[in-house]
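Presented below is the structure to which this report refers.
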């Protein structure tokens, strides 16, 4: 199975992939960031970028949408994507990244993109090697670094990047998206169940959608099913335990 076929299968199985935005205009929240990235697309030019922020706030999605809007449906031809937590050593930087960065460009493509996800997990030596590549190939390659903890990125790299700070998504944006997915998948839900999903996910859209899909597998998305799939006790059960313990029945409370 080809990489493209694998991505299609994954998109059909996982709602978080199936409903991932394809273009910058589809991104939920992060309005200021989207406007600046759209300007890069319009100008066909951009600096190196550092996307920082908590998980599930759209950092990797924004990078893919940017590439899509720059190059079209076949954007992966001009994008090298690596997960730096898996391939974080200096050898990867010196081989894969260097080979891609210096390869020849088609006349109609202004530059290629190297996307380093979880770049804050790269070793110090790998980051130093990356800094040199960013300087050497800036005419033909732009780098997008994604980090949950940008303080782990060395200062010489940070200073060469435009930094975009992603924030947790707003409650109304997450719940609106969950309702949209329920409508598309013909899933019944209780309003309070979606509220609980947001509280558990804490503004992490990917986590919220995964909880929604797991809950829907049990039938209607209810508060009880949400707590069941995330492995948390229902608040009603917690209250009963506390009440029993306060009454002195500690064995029963356990």
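Please treat every number below as a calculation from the coordinates, not as lab data. Quick caveat: nothing in here was measured; it's all calculated off a predicted structure. Using ideal geometry, Cβ is built from the backbone for each residue, glycine included, and neighbour counts are taken over all protein chains shown.
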Between the alpha-carbon centers of the stretch 17-87 and the stretch 133-205, tell me the distance in whole angstrom. 10 Å
Is any residue of the stretch 190-210 close enough, with backbone N under 16 Å, to a label point placed 7 angstrom from the Cα of residue 218 along the Cα-Cβ axis, and if so, which? 190-201, 208-210
Given a Förster distance of 35 Å, the FRET efficiency implied by the Cβ-Cβ spacing of residue 73 and residue 152, rounded to the nearest 0.05, works out to 0.55
Peptide ranges 13-20, 144-151 listed from the most packed, as the mean C-beta count within 10 angstrom indicates: 144-151, 13-20
Fully extended, how many nm does the chain gain between residue 42 and residue 13 (0.36 nm per residue separation, minus their Cα-Cα distance)? 7.0 nm
So between residue 32 and residue 180, what do we pick up on full extension, going 0.36 nm a residue minus the alpha carbon distance? 50.9 nm
